Amino acid sequence: MAGEEAVSNKQVILSNYVTGFPKESDMKIITGSINLKVPEGSKDTVLLKNLYLSCDPYMRGRMSKLDKPSFVASFNPGEPLSGYGVSKVLDSTHPNYKKDDLVWGLTSWEEYSLIQSPQHLIKILDTNVPLSYYTGILGMPGLTAYGGLYELCSPKKGEYVYVSAASGAVGQLVGQFAKLVGCYVVGSAGSKEKVNLLKNKFGFDDAFNYKKEPDLDAALKRCFPEGIDIYFENVGGKMLDAVLLNMRIHGRIAVCGMISQYNLEKPEGVHNLMQVVGKRIRMEGFLAGDFYHQYPKFLELVMPAIKEGKLVYVEDIAEGLEKAPSALVGIFTGQNVGKQLVVVAPE
């Protein structure tokens, strides 16, 4: 824009498409420039200053060149990654957003983003909790946990609930939501530290380190001698196979993700699917976006529980955009404890 001074805009771009496990070198930090005004003539556009960015497992799929239909498109090499974040509106030509509004939703991995599809942004109305929570418990992971557990599985008091990847952004909430209903909850995680977190901070009834279990079927039988009513699926592969053997009749499985499969060039097969027939198991996949319309209802449940200390949330925070590649790569090797996010700018 004429008369507008450009400022530097640090960005995380995809260097090349990824095969196997992602590496930090698959991403690159570059510095571009941007004008801090929405360009003249741009309708329904917002300019954001990004404050926090969320590292999420589904981003791994977008780092590969997808040759099959997917619910999200591939990232483009040479362009910034995109994902969920918390941002401040600097300028807007959209009637729903004004300067200094705080929002969460889809943005780009950079300091400043020009967004031409602001329908994917949700205005933040309550700032009496940490703003970073809108990348997690009050954002996409929270809505994912809520929708998958409550809306798909309809937990009842006394039911047996199992959560894999239970110390992550979604899993830690699923377990706590199930406890609010009065369920018996067991989670699995990949370290002694994370198992202790599940039992001592999140209130799970039991937990185990799946890396220390030579037989997952035996581990589940030990934790659930009467079987599993609800499984919140985050892992897939051998874990799903073992769970199917331990589901109860009319059990429900909410399929959120399968992180064990994301970096494999040839996904593992599942051998115990016949269990779905005999036990009349309902197994359903879903996306957080399926429940966006229920966000106000979700806040009515979650916000008071946070403020009353009935829900706790653990974050793993990387400081600075330059730390974003290592933070993202780390979630695929279990480096994070709790919700992994990146601080881009001070509030």
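Of the residues making up segment 24-43, those that are part of a loop (DSSP other than H, G, I, E, B) and surrounded by 12 or more Cβ atoms within 10 Å (Cβ to Cβ) are Leu36, Lys37, Val38, Pro39, Ser42. Taking the criterion of being part of a strand (DSSP E or B), farther than 18 Å from Ser33 by Cα and among the hydroxyl-bearing types (Ser, Thr, Tyr), the only residue of segment 88-111 that qualifies is Ser92. Within segment 117-146, being of a type outside the set (Val, Ile, Thr) and either open to solvent by 30 Å² or more (accessible area, probe 1.4 Å) or touching a Cys at 6+ places or on another chain (Cβ under 9 Å) (or both) holds for Ser117, Gln119, His120, Lys123, Leu125, Asp126, Asn128, Pro130, Tyr133, Ala145.
Of all the criteria given as (1) open to solvent by less than 80 Å² (accessible area, probe 1.4 Å); (2) closer than 24 Å to Leu138 by Cβ; (3) in a loop (DSSP other than H, G, I, E, B); (4) in contact with a Phe, Trp or Tyr (Cβ under 9 Å, 6 or more places away or on another chain), the one not satisfied by Phe71 is (1).
A quick yes/no check of all residues on (1) of a type in the set (D, E, K, R); (2) open to solvent by less than 10 Å² (accessible area, probe 1.4 Å); (3) without any contact (Cβ under 8 Å) to a residue 60 or more places away in the chain:
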residue	(1), (2), (3)
Ser154	no, no, no
Lys157	yes, no, yes
Val161	no, yes, no
Leu173	no, yes, no
Val181	no, no, yes
Asn196	no, no, yes
Asn200	no, no, yes
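The residues in segment 218-235 that are assigned to a helix (DSSP H, G or I) and either open to solvent by 40 Å² or more (accessible area, probe 1.4 Å) or at pLDDT below 95 (or both) can be counted, and the count is 3. Residues in segment 60-94 that are touching a residue at least 24 places away in the same chain (Cβ under 8 Å) and either over 20 Å from Asn9 (Cβ atoms) or not assigned by the TED database to the domain that holds Lys43 (or both): Arg60, Gly61, Met63, Ser64, Lys65, Phe71, Ser74, His94.
Tell me, which strands (runs of 3 or more DSSP E) lie completely within segment 236-347 with 2 or more residues that are under 25 Å from Ile13 (Cα atoms)? Talk me through it step by step, then tell me what you get.
On the way: elements: 247-255, 282-285, 315-319, 339-343.
Filter on segment 236-347 gives 315-319, 339-343.
Hey, can you tell me all the residues within segment 107-132 that are of a type in the set (S, T, N, Q) and either at positive phi or touching a residue at least 24 places away in the same chain (Cβ under 8 Å) (or both)? Thr107, Ser108, Ser113, Gln116, Thr127, Asn128, Ser132 - these are the residues of segment 107-132 that are of a type in the set (S, T, N, Q) and either at positive phi or touching a residue at least 24 places away in the same chain (Cβ under 8 Å) (or both).
Just checking, does segment 276-298 include any residue being touching a residue at least 60 places away in the same chain (Cβ under 8 Å), more than 30 Å from Val129 (Cβ to Cβ) and open to solvent by less than 50 Å² (accessible area, probe 1.4 Å)? No, segment 276-298 contains no residue that is touching a residue at least 60 places away in the same chain (Cβ under 8 Å), more than 30 Å from Val129 (Cβ to Cβ) and open to solvent by less than 50 Å² (accessible area, probe 1.4 Å). Restricting attention to segment 320-347, the residues being more than 17 Å from Ala169 (Cα to Cα), under 19 Å from the mean Cα position of the chain (by Cα) and without any contact (Cβ under 8 Å) to a residue 40 or more places away in the chain number 1.
Ser167 - would you say it is among the polar types (S, T, N, Q), in contact (Cβ under 8 Å) with a residue 40 or more places away in the chain and in a loop (DSSP other than H, G, I, E, B)?
Details: among the polar types (S, T, N, Q): yes; in contact (Cβ under 8 Å) with a residue 40 or more places away in the chain: yes; in a loop (DSSP other than H, G, I, E, B): yes.
For Ser167, the condition - among the polar types (S, T, N, Q), in contact (Cβ under 8 Å) with a residue 40 or more places away in the chain and in a loop (DSSP other than H, G, I, E, B) - is met.
The values are calculated or read from the model by the stated rules, or taken from the named source; none is laboratory data. No experiment lies behind these values; they were computed from the predicted model shown. For neighbour counting, all protein chains shown are included, and Cβ atoms are generated from backbone atoms with ideal geometry for every residue, glycine included. Note: accessible area is taken over every heavy atom of the protein model, side chains too, but ligands, DNA and RNA are not part of it. Shrake-Rupley method; radii C 1.70, N 1.55, O 1.52, S 1.80 Å.
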